[in-house]
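J.: I am attaching a structure below and will ask some questions about it afterwards.
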Amino acid sequence: MEPLTKDPLLSSLDSYIFYGRLDRFEVSPSIEHKERWDFITNKLRSFASIKDIHDEILRAFYYAAYMKGDNMFYNERWHYLFYWMGYKVLNTLKSNTSEFPEIMYLFKNVRDMLDNTKTHNDIIVEISSDEFPTLKKIYDYIQNYGTINNKLSTHGYKCTQEFNEYIETGYAAYDTFRKRCISNGESCKFFNLIFDTEEKKQLKVLKCREIKDASFFRVLDEEDEDEESRSTTKLGEPLDASQRHMSTMESSHLGLSTHDSSAAPYNSTSSISMEILLPLFGSLFIFFVLYKFTPLGSWIHARFTKKKIGFNEQEVIDESDFLLDHKYENMNINTLTATHKVGYNPL
């Protein structure tokens, strides 16, 4: 496994992710392979020098052996398992490494039990305890190279000191071994085994343009407990650690620290107001464009004018009907002369 790290950039690299899974994940072995697993378990426990990590190794065996094909690490699972196991074994054996080759042969037993398509890689178990640390460093760097290159290609990307050192030491190990293998020495067969294609052997030097303290990239800590309550998803659920990390990283690479006031979210009242007003303004703007620049405007104008004319004509008709329906009668001003007045209908 990789040494434990709290560095947010290193922990996002493939090798750190997979080695972490080998440390933590648990998978139950298949009953179908019970006899074979019993053999491997007994053989593993026969090495008293690594008794403290028997269970860890067995658990990692199960995880790699029964990994599903759609896992992103599926094609590299055996290589990862080999280098994870070798790192564990060497750290436990300390200076007495005489049993290292025999212990590592157990890896081949496990792989062959469920996958015999990788027999061309059998020489991997011949790596000596002396060369193992360097070859592991190179293997991990190759697996992480694409991710690192993509990160550094991002404008304004910032590195931690630990991340920068990892890049420098990884490339140095690769370049040293590459130059040594120009003469095609004995150890070059292990070096060449790491590379699937010839292009992978021609790695360019990667450099960090700006280095920041790890605290610049920190995820939520004890000082940010109040911020955690505001870190919610659209569904109202709290962000998990990876989401909070990505949010922090995005702000960092835009040149904003997690405490930058310019990066603070709008208050809830402003957000609600904007949610109401923006759709309204948008609707009005769309209506204005349609009215001004499409036949819709002419149609509405013609419709309105037609209704107005019809309304005026109706008023004239109603007034004429009223006059025709009511006789004109002279006011009874003088009762004595009223008898001489004659009522008539207006023409």
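Taken together, the values in this text are just the output of simple stated rules run on the coordinates, not laboratory data. These figures come from a predicted structure and were not determined experimentally. Reconstructed Cβ throughout: ideal geometry from the backbone, glycine too, with neighbour counts over all protein chains shown.
J.: Taking θ as phi - 60°, what are the ³J(HN,Hα) couplings along segment 60-69 by the Karplus curve (6.51, -1.76, 1.60), each to the nearest whole Hz, with x for Gly and Pro?
T.: Working through the residues one at a time gives 5, 4, 4, 4, 6, 5, 10, 5, 7, x Hz.
J.: Please give the Cα centre distance for segment 47-67 versus segment 127-151, rounded to the nearest Å.
T.: Going from one Cα centre to the other spans 22 Å.
J.: A further question follows. Please work out how much length the chain gains when fully extended from residue 288 to residue 115, using 0.36 nm per residue of separation minus the C-alpha to C-alpha distance, in nm with one decimal.
T.: Extending this stretch completely gives an extra 55.5 nm.
J.: Also, I was wondering about something else. Report ³J(HN,Hα) in whole Hz for each residue of segment 178-188, in order, from the Karplus equation J = 6.51 cos²θ - 1.76 cosθ + 1.60 where θ = phi - 60°; Gly and Pro get x.
T.: 4, 5, 5, 7, 4, 8, 6, x, 4, 6, 5
J.: Still on this structure, I have one more. Rank-order 160-166, 176-182 by packing density, defined as the average count of other C-beta atoms within 10 Å over each peptide's residues, highest first.
T.: 160-166, 176-182
J.: Once the other residues with Cβ under 13 Å from the Cβ of residue 113 are scored (Lys, Arg +1; Asp, Glu -1), what is the net sum?
T.: That works out to +1.
J.: Residue separation times 0.36 nm, minus the C-alpha to C-alpha distance between residue 161 and residue 276: what's the value?
T.: Length difference between fully extended and current span is 36.8 nm.
J.: If packing is taken as the average number of other Cβ atoms within 10 Å across a peptide's residues, how do 69-75, 17-23 rank, most packed first?
T.: 17-23, 69-75
J.: Also, quick follow-up: Report the full-extension gain for the segment residue 91 to residue 33: residue separation times 0.36 nm, less the Cα-Cα distance, to one decimal in nm.
T.: This chain segment gains 17.9 nm when fully extended.
J.: If you take all C-alpha pairs in segment 33-164, what percent of them are over 17 Å apart?
T.: 63 percent
J.: Using a cut-off of 13 Å between beta-carbons, work out the net charge of the residues near residue 209 (Lys and Arg +1, Asp and Glu -1, residue 209 not included).
T.: Here the count lands on +3.
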